[in-house]
Amino acid sequence: MATEAASTSGAAGAGGGGGSWVEGMSADNIKGLVLALSSSFFIGASFIVKKKGLKKAGASGVRAGVGGYSYLYEPLWWAGMITMIVGEVANFAAYAFAPAILVTPLGALSIIISAVLADIMLKEKLHIFGILGCALCVVGSTTIVLHAPQEREIESVAEVWDLATEPAFLFYAAIVLAATFVLIFRFIPQYGQTHIMVYIGVCSLVGSLSVMSVKALGIALKLTFSGMNQLIYPQTWMFTIFVVACIITQMNYLNKALDTFNTAVVSPIYYTMFTSLTILASVIMFKDWDRQNPTQIVTEMCGFVTILSGTFLLHKTKDMVDDGYAAEGIPLRSATEGLPLRSPRAAE
């Protein structure tokens, strides 16, 4: 009875907007938090292991960055993929317990792990401004997490489907899909090898939709395991198909980005774009801000601005390298390519 009273009190505080974040956390939110943190450790390490596999495969075959798939025969790449799958499974479970606006920003931890391991294992040095950019991304994400709303109560996968087919989210999904196709068929052939945002843009846009589908599927499985079978609904299988298609697309273009550009740059920029778009998608689909007061919303917006500031600094790091400061910064391209570290502007 005491536990129930405490839980009720915490929920009431969160609903009224007057309680602290810790007081408002439910048992499910705590489970989601722990799973998300575990996920970040595995995913952060997977970036480095996969990159080493891609480099090893590229030395004896056609590189992924130019359309090759020789990495599929490289055991080290598969070790990285398995590590990432473990992290994604933990992330998948986290979305079933906590809102996306809480789970997604915690991926900031994977940036720190990737940067440290890249410095140790890949000898990819991070410029001081790059470190500051990563720190700003973490600070902005923490701000969002500390003011995240409680999870919306969902009773069936059909309810999630209704949310996904509302006009506002359908409009967002249409814009995302249109932008993705334009990037794939118009910009990647021309700029994929020189502009890091092209590959990462596809991964992030598709990723924002995949997270919504993953959350829907996670809720369906969670309800099924609790005794309310959701596998009988066609919506569950439609979400499953969409998840598979999105993940395959993300993995393909993320491999190209990792093989073409420096891991220490790919990881934080991908995280920043993916997090921002995913939170936006969650706000539209699950109406997270409808359950918050103006102060909380403004604070979360400040978190977004901080993340965008981190992205700007990461790009400045790239520009400094392109303009001749490679000795103390991050090469935009992989050093193994033997290509000159020059920007497209310099080439002109």
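Here are some notes:
- Among residues of the stretch 74-84, those that are under 18 Å from the mean Cα position of the chain (by Cα) and surrounded by fewer than 16 Cβ atoms within 10 Å (Cβ to Cβ), counted: 1
- Which listed residue, of Thr240, Thr249, Thr263, Thr224, is closer than 22 Å to Gly80 by Cα, of a type in the set (Ser, Thr, Tyr) and at pLDDT 90 or above: Thr249
- Restricting attention to the stretch 281-303, the residues being under 18 Å from Thr165 (Cβ atoms) and in contact with a Phe, Trp or Tyr (Cβ under 8 Å, 6 or more places away or on another chain) number 4.
- Scanning the stretch 266-277 for residues that are closer than 21 Å to Gly53 by Cα and at pLDDT 80 or above yields Val266, Tyr270.
- Total residues in the stretch 211-263 satisfying the condition of being assigned to a helix (DSSP H, G or I) and either over 17 Å from Ala98 (Cβ atoms) or open to solvent by 30 Å² or more (accessible area, probe 1.4 Å) (or both): the figure is 32.
- Going through (1) outside any loop (DSSP other than H, G, I, E, B); (2) more than 21 Å from Ile247 (Cβ to Cβ) one by one, Gln193 falls short only on (1).
- Hits in the stretch 85-95 - residues which are open to solvent by 10 Å² or more (accessible area, probe 1.4 Å) and closer than 22 Å to Val145 by Cβ: Glu88, Val89, Ala90, Asn91, Phe92, Ala93
- For the stretch 135-186, a residue qualifies if it is over 22 Å from the mean Cα position of the chain (by Cα) and closer than 30 Å to Asn255 by Cβ, and the qualifying residues are Phe185, Arg186.
- The conditions of being in a helix (DSSP H, G or I) and either in contact (Cβ under 8 Å) with a residue 24 or more places away in the chain or open to solvent by 50 Å² or more (accessible area, probe 1.4 Å) (or both) are not met by Pro149.
- Considering residues of the stretch 277-295 that are part of a helix (DSSP H, G or I) and in contact with a Pro (Cβ under 8 Å, 6 or more places away or on another chain) only, the residue nearest to Ile200 (Cα to Cα): Ile279
- Take the conditions (1) among the aliphatic types (A, V, I, L, M); (2) surrounded by 15 or more Cβ atoms within 10 Å (Cβ to Cβ); (3) outside the structural domain of Ala98 (by the TED database); Ala118 misses just one of them, which is (3).
- Members of the stretch 152-196 found to be open to solvent by less than 30 Å² (accessible area, probe 1.4 Å), touching a residue at least 60 places away in the same chain (Cβ under 8 Å) and over 26 Å from Leu258 (Cβ atoms), listed by number: Ile154, Ser156, Val157, Ala158, Val160, Leu163, Ala164, Phe169, Tyr172
- Odd one out for Cys203, checked against (1) open to solvent by 20 Å² or more (accessible area, probe 1.4 Å); (2) part of a helix (DSSP H, G or I); (3) more than 20 Å from Ala96 (Cβ to Cβ): (1)
- Leu102 vs. criteria part of a helix (DSSP H, G or I), touching a residue at least 60 places away in the same chain (Cβ under 8 Å), over 23 Å from Asp288 (Cβ atoms) and out of contact with any Lys or Arg (no Cβ under 8 Å at 6 or more places or on another chain): no
The values are calculated or read from the model by the stated rules, or taken from the named source; none is laboratory data. Nothing here was measured: the structure is a model prediction, and the numbers come from that model. Neighbour counts run over all protein chains shown; Cβ positions are idealised from the backbone, glycine included. Side chains included, ligands, DNA and RNA excluded: accessible areas come from the protein's heavy atoms. Shrake-Rupley method; radii C 1.70, N 1.55, O 1.52, S 1.80 Å.
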